[in-house]
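To start, the structure under review is shown below, and the notes come after it.
The values are calculated or read from the model by the stated rules, or taken from the named source; none is laboratory data. Nothing here was measured: the structure is a model prediction, and the numbers come from that model. Here the Cβ positions follow ideal geometry from the backbone for every residue, glycine too, while neighbour counts run over all protein chains shown. The protein model used for the area step is the full one, side chains on, heavy atoms only, and it has no ligands, DNA or RNA in it. Shrake-Rupley method; radii C 1.70, N 1.55, O 1.52, S 1.80 Å.
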Amino acid sequence: MPPPAAERFLPFLTWPRQWAKHGIRGDLLAGLTVALVLIPQSLAYAQLGSLPPYVGLYAALLPALVGALFGSCGQLSTGPVALTALLSGASLLPLAKPDTPEFLALAVLLALLSGLIQLLLGLLRLGWLLNLMSHPVLMGFINAAALVICLSQLPPLLGISMPNEGQLLSDLAHAFGHGIDPASTAFGLTALAALFLIRHFTPALPGVLIVVALATVASAATGFAAAGGAVVGEIPHGLPQLQRPAISVDHIAMLLPTAFVIALVSFMEAASSAKLISGKTRQPWDQNQELIGQGLAKLAAAFSGAMPVSASFSRSALNYASGARTGLSNLVTVGMVLLTLLYFTPLLWHLPKPVLAAIILQAVANLLDFKALRRAWHASRDDGLAATLTFVATLAFAPNIQTGILTGLMLSLALMVYRSMSPRVALLGLHPDGTYRDLERFGLPHPAPYLVILRFDSPLTFVTAATFEDAMLRAARAQPEVKTVLVSGAGINDIDATGLHVIAGLIERFRAQGQSLAFCGLKKQVIDAMERDGLWPRLNGHATYRTEAHALTHLLESPA
């Protein structure tokens, strides 16, 4: 039974039914647990996007609230995430200098544009368009982007400054030419080791919070900032001010491609989490409503002066594993972020930035899955090629990684069109099991000296019409005395004007050659199209056969 309209557009109205069934204790505990991870990650992901740390906290406040209220999957944890942060920062570096009002204004505009794209797709029920990105392309991009993130965080981890000249590898080489800072390196590597050890041996503990707390205390005690070390510094006290983003037509034109990529990639991440969680909870989720929720969350980020946001795969998984059943858990998390902004920001002043880099590296390590590229090659050459080219292009264009995924997207679509232009075609013979199968593969004879059967496994449209015509002409010459070509049409699930035109031409050509055309297994929609076109009567009743055996019973007795 479909949900009422109010619940479909306002998913939070369904929460009370879940509370009645599961209670709210799981949501409360999950919200507190995710908050312990989200707050340090927010600071780190803002750094990854070349933005002030407090922007990450702003992105974890109102956007997370809106995403929870209007998203269809209550366990999704919306806020700053690594891929979206990297895409945002990389696309803005050529346009403005980091840590400037202009840079932040562009990040806010990027959140606005990507949010509008997602909102529009959701309202128009066009979520299916996002399925055009294949899994191999997505995995190629994610693996390359994760490597880019790891490489980009080595300088802050080791306390060295890196120029932003637009080429990641050359920038890294230039940065390492100046040496490393021993104190920053000690903080960064110690934090990274501690995060991995806690996760491996005591995963139930809030490792990120523990490391941040100890590092902040150690930084203050040792005078790390006074000695020149990079720390978070002052975070503005209080809540973000709601204001309309600054809009420039020129900036919109420059940022629109990146906004589309962010809308695409961030929703793929959200959709992956929602599918996984809904499969476990057996609660339905609506991809169009999730687009609306994520789009509104990005708009909330834009109007609160924050960076683009998305649903985090790792935090969403943690949210579900900690007992969350509705978006109430996210409201609890938002409450903790609110308290942090109001009362606890002074405690973060001494937090070393190398520790934030360690947090990013530990989180992003989970994204690396090189086996996915190997699986793509095992699946098919085209999938392997698309995944590999996306991976290489993303690295080659780094830090402008949006170019890499657009390259992969275009290639995968081109390969899809190419594959559809060469559908499976086979001549059939009678197999010992009583079915008609590929005679070349199984070494079968034709059913009769003057008849051949051709199976066409594809819609008959302008994309495949030429292939169908060529196959039919070859079939007509497959034996010296062919009088009838029988098309096994069960695989033809659609036909357009081009396909109808080709069939009409074949009827006339076969008639001139003393041959005829017959069909079996045609689907209703194909027959309806033939009737509307006036083609059906021209087949002289030889297109109503249901199976190959049915057709042969009539055609062998009285050839068409």
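Annotations
- Checking 87, 116, 138, 130 one by one, the residue that is more than 16 Å from the chain's Cα centre (by Cα) and part of a helix (DSSP H, G or I) is 116 and no other.
- Residue in the stretch 182-203 that is nearest to residue 363 (Cα to Cα), counting only those that are part of a helix (DSSP H, G or I) and of a type in the set (S, T, N, Q): 190
- Test: residue in the stretch 535-552 that is more than 24 Å from residue 447 (Cα to Cα), without any contact (Cβ under 8 Å) to a residue 24 or more places away in the chain and open to solvent by 20 Å² or more (accessible area, probe 1.4 Å): yes
- The stretch 52-72, residues that are outside any helix (DSSP H, G or I), open to solvent by less than 10 Å² (accessible area, probe 1.4 Å) and among the hydrophobic types (A, V, I, L, M, F, W, C): 60
- Selected residue (criterion: surrounded by the most Cβ atoms within 10 Å (Cβ to Cβ)) from residues of the stretch 475-501 that are under 20 Å from residue 555 (Cα atoms) and charged (D, E, K, R): 483
- Scope the stretch 513-534; condition small (Gly, Ala, Ser), in contact with a helix residue (DSSP H, G or I) (Cβ under 7 Å, 6 or more places away or on another chain) and either open to solvent by 50 Å² or more (accessible area, probe 1.4 Å) or within 19 Å of residue 555 (Cβ to Cβ) (or both); matching residues: 516, 518
- Looking across 121, 138, 116, one residue alone is hydrophobic (A, V, I, L, M, F, W, C), touching a residue at least 24 places away in the same chain (Cβ under 8 Å) and surrounded by fewer than 21 Cβ atoms within 10 Å (Cβ to Cβ). It is 116.
- In the stretch 379-397, residue most open to solvent (accessible area, probe 1.4 Å) [restricted to those that are touching a Ser or Thr at 6+ places or on another chain (Cβ under 8 Å) and of a type in the set (A, V, I, L, M)]: 389
- A Cβ distance below 9 Å, combined with a sequence gap of six or more or placement on separate chains, defines the contacts here; from the stretch 458-482, residues that are free of Cβ contacts under 8 Å to residues at least 60 places away in the same chain and among the basic types (Lys, Arg) reach no residue that is surrounded by fewer than 14 Cβ atoms within 10 Å (Cβ to Cβ) and outside any loop (DSSP other than H, G, I, E, B).
- Helices (runs of 4 or more DSSP H) completely within the stretch 293-371 that count 2 or more residues being more than 21 Å from the chain's Cα centre (by Cα) and buried (at least 21 other Cβ atoms within 10 Å of the Cβ): 328-339, 353-364
- When residues of the stretch 124-135 are limited to those that are surrounded by 17 or more Cβ atoms within 10 Å (Cβ to Cβ) and not small (Gly, Ala, Ser), the one nearest to residue 401 (Cα to Cα): 133
- Of the criteria (1) part of a helix (DSSP H, G or I); (2) open to solvent by less than 10 Å² (accessible area, probe 1.4 Å), which one residue 407 fails: (2)
- Answer from 245, 240 - the residue that is touching a residue at least 12 places away in the same chain (Cβ under 8 Å), under 21 Å from residue 41 (Cβ atoms) and in a loop (DSSP other than H, G, I, E, B): 240
- Of the listed requirements (1) open to solvent by 40 Å² or more (accessible area, probe 1.4 Å); (2) modelled with pLDDT under 90, residue 254 misses just one: (2).
- Residue pairs whose Cβ atoms lie under 9 Å apart, separated by 6 or more positions or on different chains, with the first residue in the stretch 18-37 and over 30 Å from residue 348 (Cα atoms) and the second buried (at least 20 other Cβ atoms within 10 Å of the Cβ) and among the hydrophobic types (A, V, I, L, M, F, W, C), are 18/328; 19/328; 24/328.
- Of all residues making up the stretch 216-245, the number that are in contact with a helix residue (DSSP H, G or I) (Cβ under 9 Å, 6 or more places away or on another chain), of a type in the set (Gly, Ala, Ser) and loosely packed, with under 14 Cβ neighbours inside 10 Å: 3
- Residues located in the stretch 4-41, provided they are in a loop (DSSP other than H, G, I, E, B) and open to solvent by 70 Å² or more (accessible area, probe 1.4 Å): 4, 24
- Residue check for residue 264: touching a residue at least 40 places away in the same chain (Cβ under 8 Å) and surrounded by fewer than 17 Cβ atoms within 10 Å (Cβ to Cβ): no
- Qualifying residue in the stretch 215-237 (condition: in a helix (DSSP H, G or I), without any contact (Cβ under 8 Å) to a residue 60 or more places away in the chain and either closer than 21 Å to residue 364 by Cβ or among the aromatic types (Phe, Trp, Tyr) (or both)): no
- Unmet requirement for residue 96, which otherwise passes all of (1) farther than 18 Å from residue 357 by Cα; (2) in a helix (DSSP H, G or I); (3) open to solvent by less than 60 Å² (accessible area, probe 1.4 Å): (2)
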